[in-house]
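Only one structure is covered here, and it is reproduced in the block below.
The values are calculated or read from the model by the stated rules, or taken from the named source; none is laboratory data. Here the structure is a predicted model, which means the values were calculated and not measured. Heads up, the Cβs are rebuilt from the backbone with ideal geometry, glycines too, and the neighbour counts pull from every protein chain shown. Ligands, DNA and RNA are excluded from the accessible area calculation, which covers all protein heavy atoms including side chains. Shrake-Rupley method; radii C 1.70, N 1.55, O 1.52, S 1.80 Å.
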Amino acid sequence: MTEDRLPPTAPEKSAPLLPADSGRDRPLFAVAAILVFLACLAALGARGAWTVSDGWIADLSGRMTVQILPVDGRDAEADAAEAAALAEALPGVRRAAAGTRAEAEALLEPWLGGEGLPADLPVPLLVDIELDSGNPASAADLTAALDTAGIPARVDDHARWSEAVVRTARLARLMALGLLALIAGAAAAVIAFAARASLAARQSVVDALHLVGAQDGYIARLFERRFFVLGVRAGIAGAFFAFAIALLVTYGGPGQSEGFIPVWSFSLWDGAVLLLAPVLAGLIAALSARLAVANDLRARW
C-alpha cells in the first residue's frame, strides 16, 4: 500500500514590514508629483534664464551702433556707407552694415504708424557694428575715425545698457534658482511630515521590531526605501507633465523671437533635467524620510 503524498506547496512570500497604504499614499503621491512638476518647470526656467541672459550680454558686449546724424546738404545714406567702410577697416571690427532710410522708417513704424514719413523729415540712420570677441575695437577709436572723415555721427557702445542688463540677468538667475530651492525645500518638508505620520500610524509594528532586536537605523531604512519608491514614482509623473508642457510651449509658441522676448526651444539639457528629476525626487524623499524617522525614533524610544 502506497502512502498518499500531498503535492508540495510553494513557500509563502513574506509580506513587507511596511506595506503600502493606498489610502494615505494617493494624496501624498499627488502632492509630490505636483511639486516635482513645479520644480521641473523652475529648473527649465532657470536654464532658459541662464541662456537668454548670456545671449543678451553677448549681444550688447559684442556690438556697437553708429547713429548717422541728418545734416542739411549731406547724403545720410552715403555717410552711413562710408562710416561702415571706416568701421570695417579698424582692427577689432568683424563686420559693419549700414542701414537705409527704409530700415530706419521701419524701426519708427511702431511709434509713428505705417502711413509713411515725409520725405523731407530728417531721420537718423544706423550702422550696426559687430566686434571681434577676442580684441574688440573701442568706441574712442571709432569716434576718432569718424571725426577725421568729417562724418556727423554719434557712437553708442551699449555701455549704458549693458550694466542694467547684467543686473537684470543676474536677478533672473537668482530668482529661478531660489524658486527651485524653495520648491525642493517644500517637497522635503511634505515628505518629512508624511514619514512622521506613517511612523505614528505604525507604532505597533515599530514596537514589535524593537522587541525582536531591530535597531533604529534598520527601521529608518525601511521608511527610507518606501518613500524612495514613492518619490521616484511621483518624479516620473511630474517630469512627464513638465515634458508635455515644454513640448506644447516649444511647438505651439511663436516661430521667431519678438525683440528681447526669447523663444522657448527644448534642448538636450532640458531632457537631461527631466530624466534626472525622478532620481532627485526619490533621493530627496528618501533622505527626508530617513532623517525625520530617525529623529522621532531617538525622541520616543
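By how many nm would the segment from Arg154 to Leu174 grow when fully extended, if each residue of separation counts as 0.36 nm and the alpha-carbon distance is taken off?
3.6 nm
Compute the distance in nm between two label points, each set 7 Å from the Cα along the Cα-to-Cβ direction, one at Asp120 and one at Arg95.
3.9
List, in order, the whole-Hz ³J(HN,Hα) value for each residue of the range 96-110 obtained from phi through the Karplus relation with A = 6.51, B = -1.76, C = 1.60 and θ = phi - 60°; use x for Gly and Pro.
For the range 96-110, the Karplus-derived couplings read 9, 10, 8, x, 9, 5, 4, 5, 5, 5, 5, 5, 7, 4, x Hz, x marking Gly and Pro.
Please give the net charge around Thr148, taking every other residue with its beta carbon less than 12 angstrom from that of Thr148, where Lys and Arg add +1 and Asp and Glu add -1.
-3
Using a 1.4 angstrom probe on the protein heavy atoms only, line up Tyr251, Tyr218 by accessible area, largest first.
Tyr251, Tyr218
So what does Trp50 come to for accessible area, using a 1.4 Å probe and Å² rounded to 10?
110
What residues have an amide H closer than 5 Å to that of Leu125, excluding those fewer than 5 places away on the same chain, when H is modeled at 1.01 Å from N in the peptide plane?
Ile68
Once ligands and nucleic acids are excluded and a 1.4 Å probe is used, how much of Asp54 is accessible, expressed in Å² to the nearest 10?
Accessible area of Asp54: about 70 Å².
Consider just the alpha-carbon atoms of the range 70-151 and return their Rg together with their Dmax, both in angstrom.
Just the Cα atoms of the range 70-151 yield Rg and Dmax of 14.4, 44 Å.
Apply the Kirkwood formula to the range 153-241: the hydrodynamic radius equals the inverse of the mean of 1/r over all pairs of different alpha-carbon atoms; give it in Å with one decimal.
17.5
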